[in-house]
Structure formats: C-alpha cells, structure tokens
Amino acid sequence: MQCFLVQGGLWCAVSQPDELASPFPCGVSPLRQPEGAPSRSALKLEESWLLSGWRPGVRETVIDLGAAPGGWSHACLRRGCRVMAVDNASLRLQHVEELPGELTHLRADGLRFRPPASWLPVDWLLADMLIPPGVCLGLLKKWIGNGWMRRFVVNLKLPQREPLAALAPVREYLAGVPGLRWRMRQLYHDRREVTVMGAITGGLKSPAGGDSAADKRRRTSKPKRRPPAGSTGKRSGDTGKRSGGTGKRSGEITRKPKA
Ligand SMILES: C[S@@+](CC[C@H](N)C(=O)[O-])C[C@H]1O[C@@H](n2cnc3c(N)ncnc32)[C@H](O)[C@@H]1O
C-alpha cells in the first residue's frame, strides 16, 4: 500500500507486491547504455527483461517494429538473436558485424507487417512505434489472435489527456487472453509511456503449436559459431517489390553470420 498526503486529503493505492516492488535499490535503475547502442531506448528493453525475468536466448527470433535508430535491435543482436528490424527510417547501428546476432532491416509499415511463415511462431515481438494505445491494442490483438509470437515487449505511448483511460481497453483485453502472463508497468527508463511484457504460456493458435521456432532450430541445426569480425552487410534491391525467387522483401539489409 502506498499513501500520499496531499492538500485536502490522503490518497492510498493498493497493489500486488510484485507490481509495485522494484528490483533496484530505491527504484533507481543501475543499467548503463551499452557500448555501440544507438540510443538510450535499449535501457527500457533491458529493464523489462530484468523485471519479467524473460530474456531472449541465442538464435531466438525477434521482430522489432519501429526499430530505428536500433537500440532494441542492438540489445537483441548482442544476445545472438536473429532480428528483423521493421522501420521506414534508417538504423544507426555501427559495427553490427561484430555482434553475434543476425540482422535484417525491412523498410515497411510495422502495422501492416506479417512475419515470414518460416519464423512462426516468432520468439519475440518488440514494438516501440509512435502510435496511440488504441492502435497498439489492434496490433496486439492481431499478433496474439494469430498466434504469431511467444513473448512480447510493447511500449505504449501515453496521450496527453486521460492516459489511464487510454490504457484500460488494453488491460481489459490482455486480462481476457487465456494462457497469457503479462505485466504493464511504467519503467524507470520509460518517459510518457508504459511497457507491456507478456508471455504466452498456453498453446498457441498457430499451426506450429506451442513449439517455438527457436526450439525447432535447436533440435535440428548444428550450433552456430560467432561470425568473424569484419564480415560485411549486404543490401538487396530497393524496388518496392519482392525480389524474385529469393524470398527477400524490398529494402532489406541483411547480415548473416558464416555457419
Ligand atoms: C521511439 S522510436 C523507436 C526507438 C527504438 N526502439 C530504438 O530502440 O532505437 C519510434 C520509431 O517508430 C517508427 N514508426 C512509427 N510508426 C511506424 C510504423 N507504422 N511502422 C514502422 N515504424 C514506425 C518511427 O520511424 C521511429 O523510428
């Protein structure tokens, strides 16, 4: 319980201990911006992982919607993830070839984006787009309803007016999803925004069932070695059409580690 003595009265708030408790002394995050990260935004993601205890593992798949300049993608690449960064804006990632993960940058609208079938279900959906909470709710409904991902971290930008009212439909929807564990929190590194973290613990609707793409890869593929420093990125066509036969989409910049 938290109590605030204010002019004209006393405000009390009651909450579950794990919702209010901070893992950091005095609630101050000790996280520092990692070297090479293009923005402080990655600290939000790192903090959400600390708080939820759910972190991406090596070779896990990540779709990062609204990825530019690339802080969240960078955090996942450091962990060896396969990242598809979706944003019409440019990424400002330097020396990405020295990171153990694998990056594809897709210049596309994150709201219309559909994950590639070979990635389903995606291990992580990340979304940090400058869109209203109602639009973000539509995105969550689509991804959860289609069984496209196992876990997510989604940042909701708060409107100037009635921020709590704007969040209520999101809470209501998430509370009604069977098999979903989730938390909504204004993190230390959040500004006028809150972060929603979720994990689907029940069966997924997708044809692939509850078995993650990474689980399947772990069973079927040989362990990957870290790519040598100095390997370079490769850019596909920029025509606005899918490049024939390769399965690549327009505007993709891909860097793959050598097997
Ligand atoms: C707050 S920034 C994201 C910062 C990023 N998470 C990072 O760590 O560097 C918001 C980004 O969302 C992108 N964005 C906004 N609407 C979008 C949409 N519909 N589709 C894709 N990207 C979008 C913007 O271009 C902008 O780069």
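Rule-based calculations on the coordinates, nothing more; no lab input. Quick caveat, the model's predicted, so the values are computed rather than measured. All Cβ positions, glycine included, derive from the backbone under ideal geometry; neighbour counts span all protein chains shown.
Sorting the segments 110-116, 6-12, 131-137 by their residues' average number of neighbouring beta-carbon atoms within 10 angstrom, most packed first, yields 131-137, 110-116, 6-12. 3J(HN,Hα) couplings calculated from phi for the range 42-48 with the Karplus curve 6.51 cos²θ - 1.76 cosθ + 1.60 (θ = phi - 60°) are, in sequence order, 4, 5, 4, 5, 4, 5, 5 Hz; Gly and Pro show x. With R₀ set to 22 Å, the beta-carbon distance separating residue 98 from residue 55 gives a calculated FRET efficiency near 0.55.
If R0 is 22 Å, the Cβ-Cβ spacing of residue 112 and residue 146 corresponds to a FRET efficiency of close to 0.95. A simple rule links phi to the HN-Hα coupling: the Karplus curve 6.51 cos²θ - 1.76 cosθ + 1.60 with θ = phi - 60°, which for the range 85-92 gives 9, 10, 5, 6, 7, 7, 7, 10 Hz, with x for Gly and Pro. Ordering 138-148, 174-184, 46-56 by mean Cβ neighbour count within 10 Å, with the highest value first, yields 46-56, 138-148, 174-184.
Using the Kirkwood radius over C-alpha pairs as Rh, can you work out the diffusion coefficient of the range 117-173 via Stokes-Einstein at 20 °C, viscosity 1.002 mPa s, in µm² per second?
178
The packing ranking of peptides 97-103, 167-173, 30-36, 57-63, highest mean first, is 57-63, 97-103, 167-173, 30-36, where packing means the average number of other beta carbon atoms within 10 angstrom of each residue. Derived scalar couplings between HN and Hα for the range 69-76 equal x, x, x, 5, 4, 4, 4, 6 Hz in order, rounded to whole Hz, by the Karplus curve 6.51 cos²θ - 1.76 cosθ + 1.60 (θ = phi - 60°), x for Gly and Pro.
DSSP beta bridges confined to the range 1-115 are antiparallel in about 35 percent of cases. For an R0 of 30 angstrom, estimate the FRET efficiency from the Cβ-Cβ distance between residue 5 and residue 162 and round to the nearest 0.05. The pair residue 5/residue 162 has a calculated efficiency of 0.75.
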